[in-house]
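Peer 1: Okay, handing you the structure first.
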Amino acid sequence: MNASALLLTRPVTRAAADQDAGAKPVKRMMLASLATFAAGTLVCAVAGNLAELVVGRVIQGAAGGIYPLAFAIIRDRLPRERVPGGIGLVSSLLGIGGGLGLVLPGPMRLRGVWTANAGALLVGVGMY
């Protein structure tokens, strides 16, 4: 249920961000997406039960526009011949992170450290 909430929310915002990526400043949209993701992560970090955790995951899913925005930044910043490699690198990192993000919370929840995962994500978002 936890992962489903994220996965059901993400495509809607991803499609909207993909359409807007050419119309609005990418940096501002990326910062808004990261702020949304950080807010959802904060909700997950302080969640006291499963319902609150699912709400946080839905908020995180609303930041699904990060992916097309990352590709837009790559196209804008890298030389033309390096764009395919950059997109491949980011795609592989997103795949690895997405896969681990769906699998690791289960064992973490069983050991009672599931909010620590959200805390680590907040540190990562803050570093950006």
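Read-outs: derived from the displayed coordinates by stated rules, not from any lab. What you are looking at is a predicted structure, and each value in this text was computed from that prediction instead of being measured. No Cβ is skipped: glycine too gets one built from the backbone with ideal geometry, and neighbour counts run over all protein chains shown.
Peer 1: How long is the gain from Ser91 to Val103 if the chain were fully straight, where each residue apart is worth 0.36 nm and the alpha carbon distance is subtracted?
Peer 2: Here the segment from Ser91 to Val103 would lengthen by 2.5 nm.
Peer 1: For segment 40-97, state what percent of all Cα-Cα pairs lands in each successive 5 Å bin, counting from 0 Å until the bin that includes the largest distance.
Peer 2: 4, 18, 18, 15, 13, 12, 9, 6, 3, 1
Peer 1: Can I ask one more? Compute the whole-percent fraction of alpha carbon pairs in segment 73-112 spaced more than 10 Å apart.
Peer 2: Considering segment 73-112, 72 percent of its Cα-Cα pairs are separated by more than 10 Å.
Peer 1: Also: Could you rank the peptides 55-65, 73-83 by their average count of other C-beta atoms within 10 Å per residue, with the highest value first?
Peer 2: Averaged packing, sorted descending, gives the order 55-65, 73-83.
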